[in-house]
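Some notes on the structure that comes next.
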Amino acid sequence: MSDNFPLKDDSFWMAEAFKLAEKAFTEDEVPVGAIVVCHDRIIGKGYNQCESLNDATAHAEILAITAASNTLDNWRLDQCIMFVTKEPCVMCAGAINNARVNRVVFGAYDGDKGACDSLYQICGDKRLGSNTIVQGGIMEDKCVSIIKEFFSLKRDS
């Protein structure tokens, strides 16, 4: 590509997912955003909507996978990368595996519930038939900060 159009890197895409986390924050949802990218374009977006939808499964990753699968008209996302602002939980890691997402990139590590690196390594676990590549810590400070701010405001109210 020419110098005028640099390749989009992980930070570029994470910034797009972060915009969705900000939207979740403004809607009083836990601020997590996720996008699915395929061939350098966003094909699925999601942000946490558990409260507004009264649905425990309405995590950013699940909603982004659903949107991406609808865009491709295929549940297999093996050519896709997911960018999510917080390390996926067990449920979301399982969905990422089931959708065969090629790579997952996350921002904030989750030492309490993280299922892609911190507590469990479900994504990429060969015993589960997963070939998903995992990378954490992209825009980590910003992704941690919005979550801390959200829960700090919750405690103060």
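The values are calculated or read from the model by the stated rules, or taken from the named source; none is laboratory data. Model, not experiment: these values are computed from the prediction. Positions of Cβ are generated from backbone atoms using ideal geometry, with glycine treated the same way; all protein chains shown enter the neighbour counts. Accessible surface areas use protein heavy atoms only, side chains included; no ligands, DNA or RNA. Shrake-Rupley method; radii C 1.70, N 1.55, O 1.52, S 1.80 Å.
With a threshold of 22 Å on the Cα-Cα distance, the over-threshold entries among K86/K142; K8/K113; K19/K45; K126/K148 are K8/K113; K126/K148.
When the residues S145, S130 are ordered by accessible surface, computed with a 1.4 Å probe over the protein chains alone, the sequence from largest down reads S145, S130.
For region 1-156, the gyration tensor built on C-alpha atoms gives a rounded shape. Its axis ratio a/c (a ≥ b ≥ c) stays under 1.5.
Averaged over its residues, the chain has an accessible area of 54 Å² per residue, based on protein heavy atoms and a 1.4 Å probe. Of the options I42, L128, A56, report the single residue whose Cα projects farthest towards the positive end of the charge dipole of the chain (beta-carbon charges: Lys, Arg +1; Asp, Glu -1). The residue sitting farthest along the positive end of the dipole is L128. For region 71-157, a/c is not less than 1.5, where a ≥ b ≥ c are the root eigenvalues of the C-alpha gyration tensor, and a/b tops b/c. That puts it in the prolate class. Summing Cβ point charges (Lys, Arg +1; Asp, Glu -1) relative to the Cα centre of the chain gives a dipole of roughly 360 debye. Short-range pairs are left out: with C-alpha atoms under 8 Å and at least six residues apart, the relative contact order of region 11-81 is 26 percent.
Using a probe radius of 1.4 angstrom, the carbon and sulfur fraction of the accessible surface of the chain is 49%. Once C-alpha pairs closer than 8 Å and six or more residues apart are averaged by separation and normalised to the residue number of the chain, the relative contact order reads 19 percent. With contacts taken as Cα pairs under 8 Å at a separation of at least 6 residues, region 84-157 carries a relative contact order of 32 percent.
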